[in-house]
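Take a look at the structure set out below.
The values are calculated or read from the model by the stated rules, or taken from the named source; none is laboratory data. Since the structure is predicted, the reported quantities are computational estimates derived from the model, not experimental observations. Virtual Cβ from ideal backbone geometry, glycine too; neighbours counted across all protein chains shown.
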């Protein structure tokens with residue numbers, strides 16, 4: 001839930017600190033008027049609306065481009081969300097105006113990680129990701145590689161983590177990004193934090 005404060009001229013201002021803004025005189029950034037901000041209007045946030053079907057992705061991307069927002073894209077399995085994941089996603093989000101996460105479907109996770117994975121279904125993994133503030137949208141794709149997803153997403157910035165370099169990135173994925181005018185950014189991961197390590201500790 002987030003609160004929006006309405007000024008006396010019916011425009012709306014999202015206060016950075018609601019407790020300090022309530023009842024104080026301030027200038028509205030939307031219309032420039034000055035006034036005392038009213039009680040908060042509580043708006044519900046539904047994380048389900050942040051989960052896109054693959055066939056919806058092109059239209060969603062076009063709408064974002066029309067609003068002149070810089071799109072950051074990353075992808076992965078994100079099976080058991082841990083501090084390494086959320087730190088990485090926050091860093092990725094800081095590269096632009098919106099963060100889209102491409103999520104490997106269940107079959108592709110099994111192909112990549114082996115039997116017994118994923119621990120959580122693709123629907124559950126998408127829901128947890130979508131509930132994060134740093135994530136603006138999530139889209140599940142069925143292939144092992146993200147190439148087709150990236151061609152639809154057309155990222156301005158494609159973020160990969162850890163030991164990747166632009167040169168060691170899968171050539172088809174790199175081509176899909178660069179052919180759409182995007183660039184690749186490598187973000188360091190949190191040392192010692194991974195789903196594999198977490199599962200090993202749980203098995204002890």
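Pick from 72, 128: which is closer than 21 Å to residue 188 by Cβ and not in a loop (DSSP other than H, G, I, E, B)? Of the residues listed, the single one that is closer than 21 Å to residue 188 by Cβ and not in a loop (DSSP other than H, G, I, E, B) is 72.
The residues of segment 75-112 that are under 15 Å from residue 146 (Cβ atoms) and in a helix (DSSP H, G or I), listed by number, are 92, 107, 108, 109, 111, 112. Within segment 113-125, if we keep just the residues that are surrounded by 15 or more Cβ atoms within 10 Å (Cβ to Cβ) and part of a helix (DSSP H, G or I), the residue that is modelled with the lowest pLDDT turns out to be 113. Among the residues making up segment 35-69, those that are assigned to a strand (DSSP E or B) and at pLDDT 95 or above are 51, 52. Return yes when residue 128 is surrounded by 21 or more Cβ atoms within 10 Å (Cβ to Cβ) and closer than 23 Å to residue 47 by Cβ and no when it is not. Considered against the rule, which asks whether it is surrounded by 21 or more Cβ atoms within 10 Å (Cβ to Cβ) and closer than 23 Å to residue 47 by Cβ, residue 128 comes out as no. Considering 136, 79, 144, the condition of being closer than 22 Å to residue 189 by Cβ, surrounded by fewer than 17 Cβ atoms within 10 Å (Cβ to Cβ) and touching a helix residue (DSSP H, G or I) at 6+ places or on another chain (Cβ under 8 Å) is satisfied by 144 alone.
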